[in-house]
Amino acid sequence: MVQGFNAELKCQQEWGWLLSVWLFLSGTGCGLFVLFKILDLPIFFALLALGSIVLGGAVLLLELGSPLRAWRGASRIRTSWLSRGVVFVCFFILTGFLSIAPAWVPGLPWDSASLTGGALGWIAALCALMIVLYPGFFLAQNRSIPFWNTAWLPVVLIGYAATGASAMILLGSAFLGDGLRPFDSLAAVLLVVNAILVCVYLLAMHRAGGPAKESVRLLNAPPLSWTFRLGVILVGMLLPLLLVLWVPSAGVLAGGCMLAGSLLFRYCVLKVGVYVPPALVQAGMDFSRLNRTGTDLEREYAGMAAHHAGGRG
Amino acid sequence: MALSVNSVASRAVKWGVAVDLKRCVGCQSCTMACKAENGTPPGIFWTRVIEKEEGSYPFAYTVFMPMRCNHCSDPPCVPVCPTGASHQRAHDNLVLVDQDQCVGCHACVVACPYEARFIPDNARGYYGKHTTPYEEVSFKKWQAGTAQKCTLCVHRLDAGLQPACIDTCPTRALVIGDLNDAQSEISKLIQQRPRFQPRAELGADPNVFYLT
């Protein structure tokens, strides 16, 4: 990386695709696990959710500068949302697998219908909910990036987690037959709610002004404008909504579009994180001599010339 | 130059830096002194002088502003660290990184409002794969893939010397001292001169003061 030597509005350059993929896989997977518990979906979806988290975790390791020390990441749960996230992920994977293990491993002292199995499942669902929430809290903690430093961001990430989960259900229904057709309407409702949340979030940031407004502007300016307008809005929201409402047979396509939009939204949010710029000119700095008019200058130069001429004479 | 600090065992030292913007000429001596002292990787400058052009001819002027870690009293980069690698020294306010503990998660880099933290991807020198003898020695001071930042030349401070950037400033625009000592030069300067703390509204209580 190369540091800039000029004072302008600058975006963060540290996070990009790898963290976006983690946010996408963790949000979608955990949203799916919560829906699996609430809606009593087939166990296939729990496996899908756990697989997403494990895959996302592998991608997150690539993001780290020193991945072999990743185990240290859980040592500051008192102050760091990242540490808390690591703990939630570990608990989720452990309790999630244990809750669905009786389906394949006979002879375990609990089954999914027992009190222990149910408790394990709900603990996993609670951890999944926290995994959906913690990146929002973590990003919202950054006072230096106003576009993230808002309570709207965790809310929007919950919306995208739920939308992504419903997209996974649409895709899964293709493998499991037509028994899940009623979830088309759930996907449509979540898409509309999510679109409203995104609009409110962006509107709030636009009205906030300064770096937050600049972030919204960057979403609509090259090089991100195509990703945001085409990927997030058209492919990620409008097209799947039309497909779900009027072309029920295209559930797989709608689900794929929703997932693509979900990934791209996270990428866009990360890439337009604009820092509060350094204030070079502050109140109290005296620039009055620099702001002289041409007439003032002419008068001053004439005075100086007369002074020098007088000195020589 | 030796550092003048009135040591009192019963109270902690609160290091601060005053930057006299009327004296800074934007020569980047501090930038280069820091690089030479700390052997930072290519493209990474723990301290640097940013500049901005204002106005237009014939009323154009340039504002210079040396930027560095502000060693904040309430540093936003410390609580976000998931390993405790980023920490604040107990007996003063220096914000440091234990590179043996850092996982390179970039959380502190993003959290710092002053863009004063860096994570080099590799340990390549300025001349490609082959490092110079100077780079071979100086690159041992940091690890690739972990966070690094201005330490206010902690090795020099602990030896009673000024940080390299402050020692080298030709216009004496930079002053370091103990903010807890009312009689220190920096305390007097920030009492007497109009000043501002960069992005103080973010609540980090930075300990770099810009005198205007």
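Name the residues in the range A:146-179 that are crowded, with 24+ Cβ neighbours inside 10 Å and within 14 Å of another protein chain (Cβ to nearest Cβ), would you? A:Phe147, A:Trp148 - these are the residues of the range A:146-179 that are crowded, with 24+ Cβ neighbours inside 10 Å and within 14 Å of another protein chain (Cβ to nearest Cβ). When A:Leu32 is tested against (1) under 19 Å from the mean Cα position of the chain (by Cα); (2) open to solvent by 10 Å² or more (accessible area, probe 1.4 Å); (3) farther than 30 Å from B:Val49 by Cβ, just one condition goes unmet, and that condition is (2). On inspection, A:Thr95 qualifies as buried (at least 18 other Cβ atoms within 10 Å of the Cβ), more than 24 Å from the chain's Cα centre (by Cα) and not small (Gly, Ala, Ser).
Tell me which strands (runs of 3 or more DSSP E) are completely within the range B:13-90 and hold 2 or more residues being under 28 Å from B:Ser184 (Cα atoms) and either out of contact with any strand residue (DSSP E or B) (no Cβ under 6 Å at 6 or more places or on another chain) or aliphatic (A, V, I, L, M) (or both), or say none if there are none.
B:15-20, B:48-54, B:61-67
Yes/no per residue for (1) without any contact (Cβ under 8 Å) to a residue 60 or more places away in the chain; (2) under 30 Å from A:Gly273 (Cα atoms); (3) surrounded by fewer than 19 Cβ atoms within 10 Å (Cβ to Cβ):
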site: B:Tyr127; (1), (2), (3): yes, no, yes
site: B:His130; (1), (2), (3): yes, no, yes
site: B:Thr146; (1), (2), (3): no, yes, no
site: B:Gly160; (1), (2), (3): no, no, yes
site: B:Thr171; (1), (2), (3): no, no, yes
site: B:Val175; (1), (2), (3): no, no, no
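Residues checked against (1) more than 9 Å from chain A (Cβ to nearest Cβ); (2) touching a Cys at 6+ places or on another chain (Cβ under 7 Å); (3) crowded, with 17+ Cβ neighbours inside 10 Å:
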site	(1), (2), (3)
B:Cys81	no, yes, yes
B:Tyr114	no, yes, yes
B:Ile119	no, no, yes
B:Val137	yes, no, no
B:Ala164	yes, yes, yes
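Say whether the condition of being more than 25 Å from B:Val17 (Cα to Cα), open to solvent by 40 Å² or more (accessible area, probe 1.4 Å) and more than 7 Å from chain A (Cβ to nearest Cβ) is met by at least one residue in the range B:101-108.
No; the residues of the range B:101-108 include none that is more than 25 Å from B:Val17 (Cα to Cα), open to solvent by 40 Å² or more (accessible area, probe 1.4 Å) and more than 7 Å from chain A (Cβ to nearest Cβ).
Restricting to the range A:188-209, and then to whatever is surrounded by 14 or more Cβ atoms within 10 Å (Cβ to Cβ) and among the small types (Gly, Ala, Ser), can you tell me which residue is nearest to A:Ser166 (Cα to Cα)? So, considering only residues that are surrounded by 14 or more Cβ atoms within 10 Å (Cβ to Cβ) and among the small types (Gly, Ala, Ser), the one nearest to A:Ser166 (Cα to Cα) is A:Ala188. When the helices (runs of 4 or more DSSP H) confined to the range B:121-212 are screened for residues that are farther than 26 Å from B:Ala85 by Cα and at pLDDT below 95, those reaching at least 2 such residues are found at B:133-138, B:185-192. Identify all residues within the range B:14-51 that are more than 25 Å from B:Gly145 (Cα to Cα) and either among the charged types (D, E, K, R) or modelled with pLDDT under 90 (or both); write none if there are none. Hits for the range B:14-51 are B:Lys14, B:Asp20, B:Leu21, B:Lys22, B:Arg23, B:Ile50, B:Glu51. Residues in the range A:114-163 that are touching a residue at least 24 places away in the same chain (Cβ under 8 Å) and of a type in the set (Gly, Ala, Ser): A:Gly121, A:Ala124, A:Ala125, A:Ala128, A:Ser144, A:Gly159, A:Ala161, A:Ala162. Among the residues of the range A:41-89, the one identified as in a helix (DSSP H, G or I), polar (S, T, N, Q) and either open to solvent by 60 Å² or more (accessible area, probe 1.4 Å) or within 12 Å of chain B (Cβ to nearest Cβ) (or both) is A:Ser83.
Is it the case, given these coordinates, that B:Asp100 is in contact with a strand residue (DSSP E or B) (Cβ under 7 Å, 6 or more places away or on another chain) and among the acidic types (Asp, Glu)? No, not satisfied.
The values are calculated or read from the model by the stated rules, or taken from the named source; none is laboratory data. Since the structure is predicted, the reported quantities are computational estimates derived from the model, not experimental observations. Cβ: placed from backbone, ideal geometry, glycine included. Neighbour counts: every protein chain shown. Side chains included, ligands, DNA and RNA excluded: accessible areas come from the protein's heavy atoms. Shrake-Rupley method; radii C 1.70, N 1.55, O 1.52, S 1.80 Å.
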